[in-house]
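Below is one structure, written out as structure tokens, with a few remarks after it.
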């Protein structure tokens with residue numbers, strides 16, 4: 001145990017530009033749980049290291065997405081892990097072990113944090129004050145309302161319908177947007193079950209939200225599904241699409257193959273964590289690989305499903 005503590009301490013003290021998200025994840029796994037997802041940790045490491053805007057996304061038990069953004073006052077270089085550990089400790093002292101996006105941002109930038117004992121000011125690790133002026137928070141209350149939220153995410157009910165039909169049937173999909181924007185594409189791998197269509201659309205919408213994109217263009221939706229470059233608050237980012245290279249009945253981001261039957265149109269499998277977007281009023285699942293917020297670090301979408 002002493003040797004492990006020494007290694008962690010030594011790692012947290014590495015010089016500037018020595019830390020990456022992968023190193024932090026391997027050596028200080030408690031910071032992955034603190035961030036809420038690998039994607040949040042990536043955003044924190046990149047933004048804090050370079051002094052760029054950080055976008056964090058978490059989801060509560062009802063399916064509501066919380067998106068918090070802030071820009072650190074200065075680039076931290078290699079002291080990111082130590083800074084995150086200070087923020088984590090400050091929240092634990094207030095009884096918060098699984099913080100929301102807003103709570104993480106406040107712990108770093110300062111502001112009022114809500115815990116079981118009520119709201120209280122908290123000095124930010126980065127600012128030393130509790131003003132909280134640099135934190136912007138958006139709660140997507142429609143995220144718990146299934147198809148309505150998905151329609152908003154993908155631009156219009158017509159776009160949602162086009163995506164659903166095209167993925168179910170393995171046919172061409174045309175999406176339209178403002179200023180006569182339009183893209184046409186066909187997802188690889190052929191027809192999908194209704195359950196896997198729901199999952200793919202949920203993963204794509206949260207992948208975009210993780211980049212700070214909540215009103216995507218048709219081309220950005222295409223990139224989230226098939227891969228490509230999108231431009232968000234932090235600049236250009238190359239996304240691995242959730243259906244990119246889908247040739248063996250898998251969905252990108254899952255740790256095990258997803259069974260995608262090719263029998264009848266609309267045939268469904270039985271996911272262990274059912275979260276349909278087409279109809280119903282469920283919560284949206286998180287992303288693994290580009291993981292987006294889940295209520296516990298052990299909640300993963302890569303569970304094997306029955307055929």
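Side notes on the structure shown:
- Residue 184 being surrounded by fewer than 21 Cβ atoms within 10 Å (Cβ to Cβ), in contact with a strand residue (DSSP E or B) (Cβ under 6 Å, 6 or more places away or on another chain), under 25 Å from residue 38 (Cα atoms) and at pLDDT 80 or above: no
- Residue check, residue 35 surrounded by 17 or more Cβ atoms within 10 Å (Cβ to Cβ) and either touching a residue at least 40 places away in the same chain (Cβ under 8 Å) or closer than 16 Å to residue 135 by Cβ (or both): yes
- Test for residue 73: is it surrounded by 18 or more Cβ atoms within 10 Å (Cβ to Cβ) and in a loop (DSSP other than H, G, I, E, B): no
- All positions within the stretch 135-175 that are assigned to a helix (DSSP H, G or I) and at pLDDT 75 or above: 158, 159, 160, 162, 163, 164, 165, 166, 167, 168, 169
- Filtering 206, 199 for residues that are in a helix (DSSP H, G or I), in contact (Cβ under 8 Å) with a residue 60 or more places away in the chain and out of contact with any helix residue (DSSP H, G or I) (no Cβ under 9 Å at 6 or more places or on another chain) leaves a single hit, 199.
The values are calculated or read from the model by the stated rules, or taken from the named source; none is laboratory data. Computed from a prediction, not measured in an experiment: that's the story for all the values here. Every residue, glycine as well, gets a Cβ built from its backbone with ideal geometry; the counts of neighbours run over all protein chains shown.
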